[in-house]
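Q: Below: one structure in structure tokens.
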Amino acid sequence: PPAGSPLLQVDTMTKRFGGLVAVNGVSFTVKAGEIVGLIGPNGAGKSTTFNLVSGLLKPTEGTVRFMGEAVAGHGARAIARRGMARTFQHVKLLPAMTVLENVALGAHARLDSVMGVDVARAMLRLDRRTEARLLAEAARALEQVGLAHLMHETAGSLALGQQRILEIARALCCDPVLLLLDEPAAGLRHLEKQALADVLKRLRAGGMSILLVEHDMEFVMQLTDHIVVMEFGTKIAEGTPEQIQVHPAVIEAYLGG
Ligand code: ADP
Ligand code: MG
């Protein structure tokens, strides 16, 4: 998709859990080549929004369009096949396997919530050519995120920040158009956050589009092109980092109440 064209269009999306309205008529757009941040206090509906966009949850009302096509309610696998890849908050790596193998397994497992021994077995059953192709794809993804020099180390020997970047390499193996990152900077040290931000900026420079949920304001402000702010299930503001920093409703949500 050409830079600046609408990639993900969320339109008046609502999600109810029984009587609780977790997401209430939220609309926003992610344009191709942008990094968009989704922020807001605890319980604002960020994770639910993420799960709706990636197809893990079905909206009660409203639509999600991805590359012009309605995808709401299609399920996570179908949406992943169309070019959306996501990471999860809790890193699931096979610590005794190499960085390269971990990424290749991700390439094989695609939507790998099943990541584990079964997947490793499945990998062993692959024919040589398929295996070689997956390893080449994995090496390319590691190159993209600047981890190629660590490909033969065991995943368990990496620092948390590098493991987080490895997760991103794994998501890149699906050849996604849009990356969804769930709190990628959580628990990282300052320098690790910087390294992660640099990786994401590099991906953006290569044409990748990214939607991220993040608590760390400094991280979000330095990285994103556009920010959507939620509180109590509704969108209370959106704009550039500069606009959001001085937005009265945002200041109120974070400092008030
Ligand atoms: P955030 O990620 O911004 O902290 P969430 O999207 O996790 O917020 O939650 C928004 C609201 O929806 C919260 O009140 C939460 O308790 C509720 N909620 C989230 N998921 C479920 C669920 N599966 N069932 C019932 N309530 C839920
Ligand atoms: Mg959450």
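Q: How big is the Kirkwood radius of segment 133-257, worked out from every pair of different alpha carbons and given in Å to one decimal?
A: With all distinct Cα pairs of segment 133-257 included, I get 15.9 Å.
Q: Among 180, 150, 172, which one shows the biggest mean-square fluctuation in a GNM of the chain, springs joining Cα atoms closer than 10 Å?
A: Comparing 180, 150, 172 in the GNM, the peak value goes to 150.
Q: Would you kindly state how much longer the chain becomes between residue 225 and residue 74 on full extension, computed as 0.36 nm times their sequence separation minus their alpha carbon distance, in nm to one decimal?
A: Result: 51.5 nm gained on full extension.
Q: Just name one of 253, 150, 194: the one whose Cα is farthest towards the positive end of the charge dipole of segment 127-257 (beta-carbon charges, Lys/Arg +1, Asp/Glu -1).
A: So the residue furthest toward the plus end is 150.
Q: Compare the peptides 5-17, 222-234 by average per-residue count of other Cβ atoms within 10 angstrom and give them in order, highest first.
A: Working: 5-17: 17.7, 222-234: 20.7.
Ranking the peptides 5-17, 222-234 by packing returns 222-234, 5-17.
Q: Find how many whole Å separate the alpha carbon centroid of segment 229-251 from the alpha carbon centroid of segment 2-66.
A: Cα centroid to Cα centroid, the span is 15 Å.
Q: Restricting the count to DSSP beta bridges whose residues both fall in the chain, what percent are antiparallel, rounded to a multiple of 5? Present the calculation step by step, with values, prior to reporting the outcome.
A: Working: 21 of 37 bridges.
DSSP beta bridges in the chain are roughly 55 percent antiparallel.
Q: Quick one: if the Förster radius is 25 Å, what FRET efficiency do residue 136 and residue 159 give, using the C-beta to C-beta distance and rounding to 0.05?
A: According to the calculation, E is roughly 0.45.
Q: Using packing as a proxy for protection, rank 130-136, 29-35, 48-54 so that the peptide with the highest average count of other Cβ atoms within 10 Å comes first.
A: 48-54, 29-35, 130-136
Q: Using modelled amide H (1.01 Å from N, peptide plane; none on Pro or chain starts), what sits under 5 Å from the amide H of residue 226, excluding residues fewer than 5 places away?
A: 35, 37
Q: For the chain, what is the per residue volume of the convex hull drawn over the alpha-carbon atoms, in cubic angstrom?
A: Numbers: hull volume 32.7 nm³, N = 257.
Output value, Cα hull per residue: 127 Å³.
Every number in this text was worked out from the coordinates using simple rules, so none of it is lab data. Quantities reported herein were computed from a predicted structural model and do not represent experimental measurements. Backbone-built Cβ (ideal geometry, glycine too); neighbour counts: all protein chains shown.
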